[in-house]
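J.: Here you go, one structure.
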Amino acid sequence: MSKLADKIRNASRSEPQPLGFGSAKAAVAATMVLAGVAPDAQAAAELARRGADVVIIGSPSSPAAAASGKDVTGAVAGARIAGKAANEATAYRDGGFDFVVFDPNSASATALLDDKIGYVLTLPGDLTDNEVRTLESFQLDAIDVGALAGPLTVRRQIDLRRIFAMTRKPLMAAIDAAISVVELQALRDTNVLVAVVEGAQNVERLRTTIDALPPRTRRKDDDRPTPLVPHNAMAEEESDEHE
């Protein structure tokens with residue numbers, strides 16, 4: 001399992017309800033993973049110093065250099081790759097990267113054969129629902145749904161929940177660093193667990209917002225007992241007699 005997957009799993013855990021009357025509180029773990037995007041390892045190291053949990057080096061037009069992951073300290077390093085060469089994922093793992101981000105429309109299947117590195121798939125916008133459902137069987141740490149511009153509407157929530165329901169994979173999205181705490185909480189509740197931003201100032205700003213999020217708590221519906229419908233013995237006996 002990749003370090004990215006570990007961070008996502010830890011962020012998705014619900015906090016137990018406090019017991020007793022003590023005033024002491026344990027430190028609350030962050031409930032979202034903050035990923036910063038950088039053009040190279042030097043810029044990535046700066047984002048790590050500013051508070052990024054994860055750094056993603058490269059872009060769709062300029063993939064990361066395979067060996068540059070070893071130069072990143074302080075954060076989990078991921079690389080956006082072209083995926084053209086056979087065993088390309090292995091080259092990035094050997095270069096110090098924990099996971100790779102790839103476009104399924106252009107990446108070769110033979111480039112992604114390494115099972116010791118994490119994978120994040122960039123979701124194409126033209127996939128049918130049946131095609132999206134097949135992603136559940138892929139070994140993916142997360143699915144990148146792209147940039148979420150504008151306010152979070154209920155329709156957007158429905159779309160994000162639909163993707164998660166069909167894939168059962170955590171979602172990654174690029175968001176506005178100026179997002180409010182309440183809107184970020186609503187986004188988190190749609191299973192967007194990795195928030196992506198570019199630039200050191202944006203990383204610092206979003207770090208503050210993520211740290212201000214309330215802890216995850218188990219919904220009361222989860223503890224609600226299943227109702228038991230009593231059998232009508234008299235009706236059953238009458239039915240047996242008629243038969």
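Please treat every number below as a calculation from the coordinates, not as lab data. This one's a predicted model, so the numbers in the text were calculated from it and none came from an experiment. Here the Cβ positions follow ideal geometry from the backbone for every residue, glycine too, while neighbour counts run over all protein chains shown.
J.: Around residue 179, with a cut-off of 12 angstrom between Cβ atoms, what is the net charge of the other residues, counting Lys and Arg +1 and Asp and Glu -1?
T.: 0
J.: Additional query: Given H placed on each backbone N at 1.01 Å, which residues far from residue 67 in sequence or on other chains put an amide H within less than 5 Å of it?
T.: Here nothing satisfies the definition.
J.: FRET efficiency for residue 105 and residue 217, Cβ-Cβ distance as r, R0 = 35 Å, nearest 0.05?
T.: 0.35
J.: Additional query: Can you run phi through the Karplus equation (6.51, -1.76, 1.60; θ = phi - 60°) for segment 147-158 and list ³J(HN,Hα) in whole Hz, with x for Gly and Pro?
T.: Each residue's phi maps through the Karplus curve to give 7, 10, 8, x, x, 7, 8, 4, 4, 5, 4, 4 Hz.
J.: Defining a contact as two alpha carbons under 8 Å apart and six or more residues distant in sequence, what relative contact order in percent does segment 82-188 show?
T.: Numbers: 139 pairs, mean separation 23.6, N = 107.
Relative contact order here is 22 percent.
J.: Next question, about the same structure. What full-extension length gain, to one decimal in nm, is calculated for residue 73 and residue 130 as 0.36 nm per residue of separation minus the Cα-Cα distance?
T.: This chain segment gains 16.5 nm when fully extended.
J.: For residue 116, what is the net charge nearby, where nearby means another residue's Cβ is under 11 Å from its Cβ and Lys, Arg count +1, Asp, Glu -1?
T.: Value of the local net charge: -3.
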